[in-house]
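J.: Have a look at this one before I ask anything.
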Amino acid sequence: MPSDHRPRWVPEHVDIDVPSAARMYDYYLGGSHNFAADRELAEEYMRVLPDMPQIARAQRHVLRRAVRHLAASGVDQFLDLGSGIPTVGNVHEVAAAANPDARVVYVDADPVAVAHSFSLLADFPQAAVIQADLRRPGAILSHPELTRLIDLSRPVAVLMIAVLHFVADEDDPAAVVATYRDATAPGSYLAITHATSDYQPQLARRAEAVYTRASHQIHYRTKQQILDMLGGYELLEPGLVDMIHWRPDPDSGADPLGGDVTRYSGYAAVGMHR
């Protein structure tokens, strides 16, 4: 298939004919920073999982609820790993509403996500973006942009929303999480969402097969497998739960999927590093 006309803001080295997990997610959310290859594979995924746009929005709602809660609790530093392409209700916007002095570092491997983030943050000196792979914590934790904004000797909220399921078992996601945990001060937090195979295992396998052609493979996991990644964190109430049940906003209106957790097939949790 012919590729899209190449917008000027796309970095020259980006192959827009290879589907990107970040740009597919942008498409689910109704964004415009995606290309034909991303849309085609995203549409194939939605033929397996038609609820994906609602799932993606639910994940973003968890992100905003978690950031609001943590900012209200006094956290003023946020590290958003696998942040993706900016959309409505970004971390720096939500955090700044609670604390104008909040600082945010976004990290993503996708160059389009990073390029768009640079543009968005041009007039916001308390936020920065790093192009890096979250599976390489050392490069991120020592990056000058991170050390400029975030003091790791003070509590920081590490955000891994809809991203750990892109870390393969062979990359040891529990060890990746532990590295970030050990680099942060006691009183720091971790917030996650993660796709689960608990409710619809056959559908999960079919969904995983679609992503073998994307930039990153997706891995649906069981609740216990996800819990095993959270060692060293004391989970805040209500623990690791279906994501629509993690501290839901009572004013959010009717659930678009009727509150059916099997259709969302995803868990959420926030934990404190003691």
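The values are calculated or read from the model by the stated rules, or taken from the named source; none is laboratory data. These figures come from a predicted structure and were not determined experimentally. FYI the Cβ positions are ideal-geometry reconstructions off the backbone, even for glycines, and counts take in every protein chain you see.
J.: Just a yes or no: is a residue in region 75-88 in contact with a His (Cβ under 6 Å, 6 or more places away or on another chain) and either in contact (Cβ under 8 Å) with a residue 60 or more places away in the chain or of a type in the set (A, V, I, L, M) (or both)?
T.: Looking through region 75-88, at least one residue is in contact with a His (Cβ under 6 Å, 6 or more places away or on another chain) and either in contact (Cβ under 8 Å) with a residue 60 or more places away in the chain or of a type in the set (A, V, I, L, M) (or both).
J.: Regarding Ser197, is this residue among the small types (Gly, Ala, Ser), surrounded by fewer than 21 Cβ atoms within 10 Å (Cβ to Cβ) and touching a Phe, Trp or Tyr at 6+ places or on another chain (Cβ under 7 Å)?
T.: Working: among the small types (Gly, Ala, Ser): yes; surrounded by fewer than 21 Cβ atoms within 10 Å (Cβ to Cβ): yes; touching a Phe, Trp or Tyr at 6+ places or on another chain (Cβ under 7 Å): yes.
Yes, satisfied.
J.: In addition: Only residues that are within 20 Å of Val163 (Cβ to Cβ) and of a type in the set (A, V, I, L, M): list them for region 191-208, please.
T.: Result: Ala191, Ile192, Ala195, Ala204, Ala207.
J.: Just need a number here: residues in region 164-201 that are within 18 Å of Ile244 (Cα to Cα) and of a type in the set (Val, Ile, Thr).
T.: 3
J.: Now, a different point. Taking the residues in region 139-181 that are β-branched (Val, Ile, Thr) and assigned to a helix (DSSP H, G or I) as candidates, determine which candidate is nearest to Ala214 (Cα to Cα).
T.: By that ranking, first place goes to Val176.
J.: Here's another thing I want to ask about it. Restricting attention to region 58-74, report how many residues are within 21 Å of Gly84 (Cα to Cα) and in contact (Cβ under 8 Å) with a residue 60 or more places away in the chain.
T.: Number satisfying all stated conditions: 10.
J.: Here is a check on your reading of the model: is Arg47 free of Cβ contacts under 8 Å to residues at least 12 places away in the same chain, part of a helix (DSSP H, G or I) and out of contact with any Lys or Arg (no Cβ under 7 Å at 6 or more places or on another chain)?
T.: Yes: the conditions hold for Arg47.
J.: Can Val112 be described as surrounded by 14 or more Cβ atoms within 10 Å (Cβ to Cβ), in a helix (DSSP H, G or I) and among the hydrophobic types (A, V, I, L, M, F, W, C)?
T.: Taking the combined requirement at face value, the residue satisfies it.
J.: Is it the case that Leu79 is assigned to a strand (DSSP E or B), among the aliphatic types (A, V, I, L, M) and within 30 Å of Asp249 (Cβ to Cβ)?
T.: In short, yes.
J.: I'd like to check something: does region 115-126 contain any residue that is buried (at least 20 other Cβ atoms within 10 Å of the Cβ) and out of contact with any Pro (no Cβ under 7 Å at 6 or more places or on another chain)?
T.: So in region 115-126, the residues buried (at least 20 other Cβ atoms within 10 Å of the Cβ) come out as 116-117.
Pick out the ones that are also out of contact with any Pro (no Cβ under 7 Å at 6 or more places or on another chain) and you get none.
No, region 115-126 has no match at all.
J.: Hey, any hits in region 246-259 for a residue that's in a helix (DSSP H, G or I) and either surrounded by 13 or more Cβ atoms within 10 Å (Cβ to Cβ) or modelled with pLDDT under 95 (or both)?
T.: No - not one qualifying residue is present in region 246-259.
J.: Then there's this: Looking at region 51-75 only, could you name the residues that are surrounded by fewer than 18 Cβ atoms within 10 Å (Cβ to Cβ), outside any helix (DSSP H, G or I) and either of a type in the set (Val, Ile, Thr) or touching a Leu at 6+ places or on another chain (Cβ under 8 Å) (or both)?
T.: Asp51
J.: Hey, among the residues in region 1-50 that are closer than 15 Å to Ala109 by Cα, of a type outside the set (Asp, Glu) and surrounded by fewer than 16 Cβ atoms within 10 Å (Cβ to Cβ), which one's modelled with the highest pLDDT?
T.: Here the answer is Val18.
J.: Based on this model, can you work out whether Thr262 counts as part of a helix (DSSP H, G or I), farther than 24 Å from Asp182 by Cα and free of Cβ contacts under 8 Å to residues at least 24 places away in the same chain?
T.: Against the criterion (part of a helix (DSSP H, G or I), farther than 24 Å from Asp182 by Cα and free of Cβ contacts under 8 Å to residues at least 24 places away in the same chain), Thr262 does not qualify.
J.: Can you name every residue in region 182-212 that is touching a helix residue (DSSP H, G or I) at 6+ places or on another chain (Cβ under 6 Å) and either over 30 Å from Ala42 (Cβ atoms) or part of a helix (DSSP H, G or I) (or both)?
T.: Ala183, Tyr189, Arg206, Ala207, Val210, listed by residue number.
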